[in-house]
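Presented below is the structure to which this report refers.
The values are calculated or read from the model by the stated rules, or taken from the named source; none is laboratory data. Remember, predicted model here, so these are calculated numbers, not experimental data. Glycine also receives a Cβ, built like all others from the backbone with ideal geometry; neighbour counts cover every protein chain displayed.
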Amino acid sequence: MTGYRLPAGGRIDRHRTINFRFDGRDYQGFAGDTLASAMAGAGIVLVGRSFKYHRPRGLLGIGSEECNALVSINRGAARVTPNVRSTQVWLYPGLNAISQNRWPSLRWDVVALNDVFAPLFPAGFYNKTFMWPRSAWEKLYEPVIRRLAGLGESPVERDPDHYDATYAHCEVLVVGGGRAGIDAALAAAQSGGRVILIDEGDELGGGALADPAQWPVLMALKQELYSCSNVMVLTRTTAFGFYHQNFIGATQQLTDYLEPAVSQGAREKLWRIRAGEVVLAQGAIERPLVFNGNDVPGVMLASAARSLALRFGVAVGRQVVVMAAHDSGWHDALAMAAAGVTIAAIIDVRHVVSGDLAEAARAMGIAVHTGAAITRVAGRHAVKGVTFASDGTGPSRRIACDTVLMAGGWTPSVHLWSHAKGSLVWSDAWGAYLPGTALENTRAVGACAGEWDFGAGVVTAVLPNALPVRSQTAFVDFQNDVKARDIHLAVQEGFRSIEHIKRYTTNGMATDQGKTSNLNGLQIASEALGRPVSDIGLTTFRPPYTPQTFGALLGHHKGALFQPVRKSVIDDWANLQGAVFENVGNWRRARYFPQGGEDMHSAVLRECTAVRERVGVFDASTLGKIEVVGPDAAEFLNRMYTNPWKGLAPGRCRYGLLLREDGFIIDDGVSARLADDRFHLTTTTGGAARVLNMMEDYLQTEWPDLDVWLTSTTEQWAVIALQGPRARDVIAPLVEGIDLSPAAFPHMAVREGTIAGVPTRLFRVSFTGELGFEINVPADQGRKVWDAVLRSGGAHGISPYGTEAMHVLRAEKGFIIVGQDTDGTMTPYDMGLDWAVGKKKPDFVGKRSLARPDMSAPGRKQFIGLLTERPQDLLEEGAQVVLDPTAPVPVPMIGHVTSAYHSVALGRTIALAVIADGRARIGEMVFIPMPDTVIRATVTAPVFHDPEGSRLNA
Amino acid sequence: MKRFSGLNLLAQAFDGHRGWPEHWPDKAPKAAYDVIIIGAGGHGLGAAYYLATKYGISNVAVIEKGWLGGGNAGRNTTIIRSNYLYDESAHLYDHAVKLWDGLSQELNYNVMYSKRGVLMLAHNVHDVQSFKRHIHANRLNGVDNEWLTPDQCKAYCPPLDIAANARHPVLGGALQRRGGTARHDSVAWGYARGAVARGVDIIQNCAVTGIRRGPDGAVLGVETERGFIGATKIGVSAAGSTSLVMKMAGLDFPLESYPLQALVSEPVKPIFPCVVMSNTVHAYISQSDKGELVIGAGTDQYVSYSQRGALHIIEHTLAAICEIFPIFTRMRMLRTWGGIVDVTPDRSPILAKTPVPGLYVNCGWGTGGFKATPGAADLLAHTIAHDAPHAINAPFNLDRFRNGRLIDEAAAAAVAH
Amino acid sequence: MILIHCPYCEQDRPEIEFTYGGQAHIARPHDPAALTDREWETYLYIRANPRGLHAERWRHIHGCARFFNAVRDTVTDRFTVTYKTGEARPDGGVA
C-alpha cells in the first residue's frame, strides 16, 4: 500500500493544507482529514507494531474498529495520550503523532525478534514455562514480559486538562448518525419530544459519507435535522455504555481536534443521558478475512479503502487486489475504480458471484478470479504481491500489488444492545448475531439490526489453503497476535467455551475489544469443535464501546470537589493562627496551634497546661447534633440508647451510649433535655449521619406510632468548648439570663440565655475533667462569640487548643473516643460503661445481643490504663500487649494500645488499652513488644487524673 | 498429563504444538462419587485437587452450572495479601499465601504469583493508628507487614501523589512485600488440570437443581440437569449462588449477594510496580503483566444477581484512583465487568460443616476470595475429609452468628478486604 | 443507575437519591428478651437473598427522607412495585 492523494474527490478541503508530524517527520494533509487518511494520503504504510510479536502493522479500518493504527498523540508537555486510534483523530495544524511499542524505531524494532521465536509463544505459553528456578519468575521472567507488553507509554505528569460532565434527558435518544439514525431522529422529532442524536464522527452520515451519490440527500436530511428545535445533535460523541433503564453514558470530544494553542475549556464532556426510548443505529463493521499473510501492512478492510477514496480522496495503493467473500467488496472495488483507484484484481472465494458484479468489474478492466483464495502475501513491512489459487489449493498464481482489501462480510454492532441485556439471535444469513428481544425500551434500526442490504456473501472461517492452518500466519486478532492456529490449539487443549478460548488466546481482548476479531474467532472455534456457532455462545459485550478517558468519567470530581471538605465557622480563624489541621470524617479540624516554630509535642503540652491551669477554648462545632422533638421524645431515646432518659429533668444533660442491634458500641455523646418534649442530642463528629439514619430507620419503620421528629442541626450550631478552672470567669461578663453559680448551674446541666448578645444553649459539660462549658450559638454568630470569648479570656491566659490536646485531656480522665478506643467489636461492659446501661429497661437497641453467650464470656477485652515502667516511654497506638514476650511466633496477644500520650497532669506518659480480662489484671505487669525492644507496663484503672471528679464539679 | 516446561514447549514448537493434550477431558458423570464439590471456581477446583493429592480421596466430582473458572475466579482483581488484623484472619489468609508460594511448581502450571507488594495507604490519624495496630499484630503472628513513611511510599510506588495539601494526603502506608497478584484464570485452570490428572471428574454445564437427603437428614447426593449423582459428602463452594444452593438443603443462610465491578485500562508500558489500596479513598489498583491498570470498584448497594453494575460506581472509582494518582486522568478505561459477591454479616467467610450431615460450605468471601484460593481450597478439603474443621478454619463457623463471636475485620479497622 | 419510584413523592427518581435498606418485612421482635439465641440470630442475620423477586427497603434520603418498601427482581434489577412502610407486600410474595 503506497497511498497517494487522488486528484479530485472526497469531502476534504483541498485549499487548506495542514502540516502534521509522525515519528519526527513532517507531512501534509487537508482539512477534513483524519490522521489515518492523512497518513495514508502521504504514503505511510507502516504505522505500528503488534502487541506480542511486534509484527509490523498497517491501517486496517476507518473508525472505532481500528486495532492496528494506534499512536501516541503529543499535545505538549503532560498532554501525551497513548493508544489513540488514528482513524478517530481529526487533523489539526502541528498534530504530533508518535508510533508505539517499538524500539529503537518503528521500522527497526529489536523486539521483533519475538516474531522469529513465535513458534515458542503460542496461546497460553506462559502457563507452561517460566517456572524454573522458582525465584526467576519475579526476578527475571516477569520483568522482561512486563517490559515487552503494553502498547504506548503512560502519562507521567499531572494532566493540565479538565473535564466536564452533565446530565441530559430526552424522549428519544438515537445512537448513530448514519442514514438509519438520521431517519429515526427525524421521525422522533415529528412527535415533538426532546431528541438527542449521538455520533462518533465529526459529521453525520456514517457509511453514506463514502458514497457521493447519497450526499445531496444526506445534506437535505441534515439540514432538516438541524432545523428541528427539539433535536440536539452531538458529534464526536461516543455512546459507550447502556445502563439500567435507558441510562446511557456518552463522552464528547471538545478540544482534541483543535490546535492546542486555540483549545479552550474542558477536553471532554461526559453525558449521562436518561431517555424514554433508545434507538440504536450503530451500523455494522466489516469483517476481515483470515488467510495466510493477512497482517502484512497494506492488507486492510475494503470498506475502509472505499472510505479513504471517496470521503478523503486517498487512493490506498497503486495496485490494489480485493479478496472478497461478500458482494460489498465488489461494490467497494467498483466505486474505487470509478474514482481512479487502480484495482488490479478481485479474488472471490465464491465460485458464483451474485448479479452482474463480475461483468461490471471486467468492464472496468479489473481481473476477476472467482472460486479462488489468496494463499500467501509477499512483503514484510508492506505488501509486495499476493499468491492465490483456485479453492486455495490449485496451482498458484501471483499478482504484484501493494494493497490487499478484505471483504469478509459484516458484523452488526450490537454492543449497546447487549449491554442492555437485550437477547441476541444467530443469523445464518448474516453469519452474525442480530438483536432479538429487548429488556429495556429500546430498538435497533439499520445495519445493526440487519436491516440494510450490503449484498450477499459467505461466511468463512479461514480461507482455503493447501497449507495446514498450523503452518499459516493467518491472523484473527491483529493487535493481540492471535492466529487461527492459536484458536485450534486452545480447542485441542480442551477449551470448549468461547469464554475460555477468548481468555486462553486473548482473542478479542485488545483495545478494540474484538470488533473485528470476535466473529472470526467464533467461526474458527466452531469449525475446530465441529459444532454450530450458536452452540458455542458469545462472549459478553461489556462497556465501554470504545476506551474512555478516566478524566471524562470522573468529570468534576477531583481535588476540592472529589469530596468537599467540611469546615466549621471557626476554621478561617484557625487557619490565620497557623493551625495544623487533620481530617476527621469529611471535616477538617485544627489539630494544634504551634507558636514560634513549636513541634506538635511542645504545642500540645502548652495547650494542655493552659486548660489544666487556666482556661482553653476549643472549636467543637463538628460534633454531630440532632434535635429530637415530640411528646414521645423521651420514650424514643429510651429505646435507642442504653441509658434511661425518661427520668432526666429538663435542664439536665446525660451521657448517652448507642449500640448497634448486634450489641456493639456505635456512638456516644452528651445530650440535653431542654423541655419535656425536646432534646438536644450530640454525636461523634464522624457518626452524625450514621446515627441520624439509624434513628430515622427505627422511628419510621419499627415505631411509627411514636410522635417524634428528628432534625439534623449539626450545621445550625457553632459549638465553643471553654474548659479550665477559669472558664466561668471568662464567660461571666458575656452571659445574660443565666445564673452561672455552681449551685444554680451544676455540672451536666443546660441553660438558655444570651452570650455576647447572641442567644445560646449553654451546656455545662466537660470532656477534659475541668470545669467546662460548651457554648452553642447559631452558626452564623459563632465567629462573633468566639472572638468575644477570646477577648474576655485574654485576662485569664486563655489559649486555643486543638483536637490533639483534647485527646490528651480526655485520656487523662479515661473518657473514651468511639472509633479509637472502641473498634466496632466492643460492648458497654468491655468498656467499663456498665453504669451507662439502664438495668431496669426491658429493652433498648442492642440489649438482646448483649445476652448472647460470647458477649459476656471470659477473655473478652476490657478497657484499662497502662503506665510504662519508664515514665517517658511513650507506647505506640496500635501496639500489641502480651503476657510472655519471649513466646515463639505466633505470640499470643491479649490486646492492644488504643491511646497513648504525654500527660502534663501526670508528668509522664499514659496509655489506654483494651486487653483480655483487663480489669482483673489491674496491678499486673504486661509487655508491649516492639520490633527492637520490649516495653514493660503496669495495668491500671483507665482514669489517671482527678478520679473523684472534684475539678469538673467546681 | 503432559508435563509443562520450557523444554517441552521447545520440543512442541518443532511439531506445531500438536502434542499438547486436553487440560480437562470431558467426563460423563458417574452414578456416585465419594465427594461432590458444587462450584468449579478456584476454591472448588482447588478443594478437589487437595482432596486427591493431600487427603487421599480422588473419587471426586466438581459440578459446575456454567464453565469452570467463569465466576468470580475469572472476574477479580487478583490481589493477594494476608496482613489481616485478627489472629483468626491472619492465620487463614497466611495459610493461603504460604500455599501461593510454590503453587506454580506444585501444579506444574504457571499461575504467575508475583510478590510485588501490597501497599495500603493511610490518609488520616485514624488510618495510621489502625495500620500500626495491624503491623504490630502481624509481626507477632509472623506475617510480614511494615510501615512506610510518605517518602518511602512514593519511592515504592512512583505514580503516587504524596502532596501534603492533597484532599486525602498520604500519611504513610502499610506494606506487605509478600503480597501481590497472580493470573486468575491460570489458578482455576491449573487446579482443574491437576485435579483431573489425579482422577477428579469436572462436570461443566450441569446445574445442580436439588440436594437429596436421607431419612436421617444426611446428604445422599445432588439432583442435576443430567440426573441424580450420589455422594455422602458434598462441599458447596458456589460464591454468589451459595444462598440458592443452601436453600436446596433446607438451610437459610446469613448471606447477601451484591454486584461488584472492576475495570481495566488500555495496556501501557510498565508504570505501576505494586498493588496499592486505599480504603479511605476507596481505590485499589495494580498493573497486569499485559500492561493494563487493573482497578477494583466498590459494590453496588443493593442485592443483585444481574452482573450489571451502575455507571456512577465507575465514576466514583476512577475519581478515587485519580485523586491518589493524578497522572492517570488521560488513561482510558478499556473494559468493565461485574461479578456477584456473597457477603456475611461480619464480612468474614464461612468455611465449615453445616447442620446437615455430610454438607460442607465455603462461602462469604465477599470481595476478597481470590487471595484465599489455595488456603480455602485446602481447608475445605480438610474439613470434608475429616468431617471436622482444621484449627485454622474452626473459628469461621456458622455458630458465631448465634453466639456473637464475630470476626469483624472491617468494623475493627475499616479496612476493605 | 436504576430509577426508583418513591411512593411518597410519587416520582421516579435516580438511584443516587436513595439508600438501600436491606430485606423488607423483618419486624423487630416486640420482646427480644423472649427470643432464643437461634431466633435472635435469624432476626439479625438470616436473609432470603433470592434470585428473583425480592422485597426490600429503600430510603429516599436525598428527597423526602422516608423509608419505603419495594419488590425488585434481582436478576434484571427491575422494580415491580414500591409501596409505603407498613403496607403489606402487594404481590403476596414471601422472600
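Residues are listed down the side, and each one gets a yes or a no for (1) in contact with a Cys (Cβ under 9 Å, 6 or more places away or on another chain); (2) within 11 Å of another protein chain (Cβ to nearest Cβ); (3) in a loop (DSSP other than H, G, I, E, B); (4) touching a residue at least 12 places away in the same chain (Cβ under 8 Å):
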{"site": "A:T822", "(1), (2), (3), (4)": "no, yes, yes, yes"}
{"site": "A:M831", "(1), (2), (3), (4)": "no, no, yes, yes"}
{"site": "A:P842", "(1), (2), (3), (4)": "no, yes, yes, no"}
{"site": "A:D854", "(1), (2), (3), (4)": "no, yes, no, no"}
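Restricting to the stretch A:566-586, what's the tally of residues that are modelled with pLDDT of 95 or more, closer than 17 Å to B:A164 by Cα and either charged (D, E, K, R) or part of a loop (DSSP other than H, G, I, E, B) (or both)?
Of the residues in the stretch A:566-586, 3 are modelled with pLDDT of 95 or more, closer than 17 Å to B:A164 by Cα and either charged (D, E, K, R) or part of a loop (DSSP other than H, G, I, E, B) (or both).
Out of all the residues in the stretch A:412-471, which are within 30 Å of A:F388 (Cβ to Cβ), within 14 Å of another protein chain (Cβ to nearest Cβ) and not charged (D, E, K, R)?
Selection gives A:L467, A:P468, A:V469, A:S471.
Determine which member of the set B:A31, B:A40, B:A47 is among the small types (G, A, S), within 13 Å of chain A (Cβ to nearest Cβ) and either in contact (Cβ under 8 Å) with a residue 12 or more places away in the chain or surrounded by 21 or more Cβ atoms within 10 Å (Cβ to Cβ) (or both).
It is B:A40.
Of all residues in the stretch B:368-410 being among the aliphatic types (A, V, I, L, M) and at the interface with chain A (Cβ under 10 Å from one of its Cβ atoms), which is farthest from the chain's Cα centre (by Cα)?
B:L406
Hey, among B:A262, B:A283, B:A249, B:A297, which residue is more than 10 Å from chain A (Cβ to nearest Cβ), among the aliphatic types (A, V, I, L, M) and in contact with a Gly (Cβ under 6 Å, 6 or more places away or on another chain)?
None of the others qualify; the one that does is B:A262.
Here are A:E142, A:E157: which of them is under 30 Å from A:L254 (Cα atoms), surrounded by fewer than 22 Cβ atoms within 10 Å (Cβ to Cβ) and within 12 Å of chain B (Cβ to nearest Cβ)?
Only one candidate qualifies: A:E157.
In the stretch B:256-290, how many are under 19 Å from the mean Cα position of the chain (by Cα), hydrophobic (A, V, I, L, M, F, W, C) and farther than 15 Å from B:G117 by Cβ?
So the answer is 5.
From the list A:G686, A:G724, A:G737, pick out the single residue that is over 36 Å from the mean Cα position of the chain (by Cα) and either modelled with pLDDT under 95 or surrounded by 18 or more Cβ atoms within 10 Å (Cβ to Cβ) (or both).
A:G724
Given the criterion among the aliphatic types (A, V, I, L, M) and touching a Ser or Thr at 6+ places or on another chain (Cβ under 8 Å), identify the matching residue among B:A73, B:A11.
The unique qualifying residue is B:A73.
Taking B:V125, is it β-branched (V, I, T), more than 25 Å from B:R75 (Cβ to Cβ), within 11 Å of chain A (Cβ to nearest Cβ) and surrounded by fewer than 22 Cβ atoms within 10 Å (Cβ to Cβ)?
yes
For the stretch A:778-815, which positions are outside any helix (DSSP H, G or I) and in contact with a Lys or Arg (Cβ under 8 Å, 6 or more places away or on another chain)?
If the condition is that a residue be outside any helix (DSSP H, G or I) and in contact with a Lys or Arg (Cβ under 8 Å, 6 or more places away or on another chain), then A:G797, A:I798, A:S799, A:G802 are the ones that fit.
Let me confirm something: among A:R614, A:R591, which residue is within 14 Å of another protein chain (Cβ to nearest Cβ), farther than 30 Å from A:E65 by Cα, surrounded by 17 or more Cβ atoms within 10 Å (Cβ to Cβ) and in contact (Cβ under 8 Å) with a residue 24 or more places away in the chain?
Checking each option against the conditions leaves just A:R591.
Could you say which residue among A:A165, A:A136, A:A187 is at pLDDT 90 or above and more than 9 Å from chain B (Cβ to nearest Cβ)?
Only one candidate qualifies: A:A187.
Can you pull out every residue in the stretch B:326-357 that is assigned to a loop (DSSP other than H, G, I, E, B), more than 8 Å from every other protein chain (Cβ to nearest Cβ), surrounded by fewer than 23 Cβ atoms within 10 Å (Cβ to Cβ) and not basic (K, R)?
Residues satisfying the conditions are B:T354, B:P355, B:V356, B:P357.
Which of the residues belonging to the stretch A:387-422 are outside any loop (DSSP other than H, G, I, E, B) and within 15 Å of A:P288 (Cβ to Cβ)?
Listed by number, the residues that qualify are A:T403, A:V404, A:L405, A:M406, A:A407, A:W410, A:T411.
So which helices (runs of 4 or more DSSP H) are wholly in the stretch A:499-565 and hold at least 2 residues that are among the small types (G, A, S) and either in contact with a Gly (Cβ under 7 Å, 6 or more places away or on another chain) or touching a residue at least 12 places away in the same chain (Cβ under 8 Å) (or both)?
Output list reads A:518-529, A:550-554.
Are there any pairs, at least 6 apart or on different chains, whose C-beta atoms fall under 8 Å, with the first in the stretch C:72-94 and more than 14 Å from chain B (Cβ to nearest Cβ) and without any contact (Cβ under 8 Å) to a residue 24 or more places away in the chain and the second surrounded by fewer than 17 Cβ atoms within 10 Å (Cβ to Cβ) and assigned to a strand (DSSP E or B), and if so, which?
Close Cβ pairs (under 8 Å, with a partner that is surrounded by fewer than 17 Cβ atoms within 10 Å (Cβ to Cβ) and assigned to a strand (DSSP E or B)) amount to C:P90/C:V81.
Please state which one of A:N83, A:N74 is within 14 Å of chain B (Cβ to nearest Cβ) and without any contact (Cβ under 8 Å) to a residue 60 or more places away in the chain.
A:N74 is the lone residue from the list that is within 14 Å of chain B (Cβ to nearest Cβ) and without any contact (Cβ under 8 Å) to a residue 60 or more places away in the chain.
Looking only at residues in the stretch A:96-117 that are hydrophobic (A, V, I, L, M, F, W, C) and touching a helix residue (DSSP H, G or I) at 6+ places or on another chain (Cβ under 9 Å), which one is nearest to A:R485 (Cα to Cα)?
So the residue we want is A:F117.
Can you name the helices (runs of 4 or more DSSP H) wholly within the stretch A:18-133 that have at least 1 residues being at pLDDT below 95 and surrounded by 21 or more Cβ atoms within 10 Å (Cβ to Cβ)?
A:125-128
Do you know which residues across the stretch A:891-929 are out of contact with any Pro (no Cβ under 7 Å at 6 or more places or on another chain) and surrounded by fewer than 17 Cβ atoms within 10 Å (Cβ to Cβ)?
A:P892, A:L906, A:G907, A:R919, A:A920, A:I922, A:G923, A:E924, A:M925
How many residues does the stretch A:118-133 hold that are more than 7 Å from chain B (Cβ to nearest Cβ) and without any contact (Cβ under 8 Å) to a residue 60 or more places away in the chain?
Of the residues in that region, 2 qualify.
Would you mention how many residues in the stretch A:625-643 are part of a helix (DSSP H, G or I) and touching a residue at least 60 places away in the same chain (Cβ under 8 Å)?
Number satisfying all stated conditions: 6.
Go through the stretch A:518-541 and give me each residue that's farther than 21 Å from A:P468 by Cβ and of a type in the set (S, T, N, Q).
Listed by number, the residues that qualify are A:N518, A:S534, A:T539, A:T540.
Does A:E582 satisfy the criteria of being of a type in the set (D, E), in contact with a strand residue (DSSP E or B) (Cβ under 9 Å, 6 or more places away or on another chain), touching a residue at least 40 places away in the same chain (Cβ under 8 Å) and over 27 Å from A:S413 (Cβ atoms)?
yes
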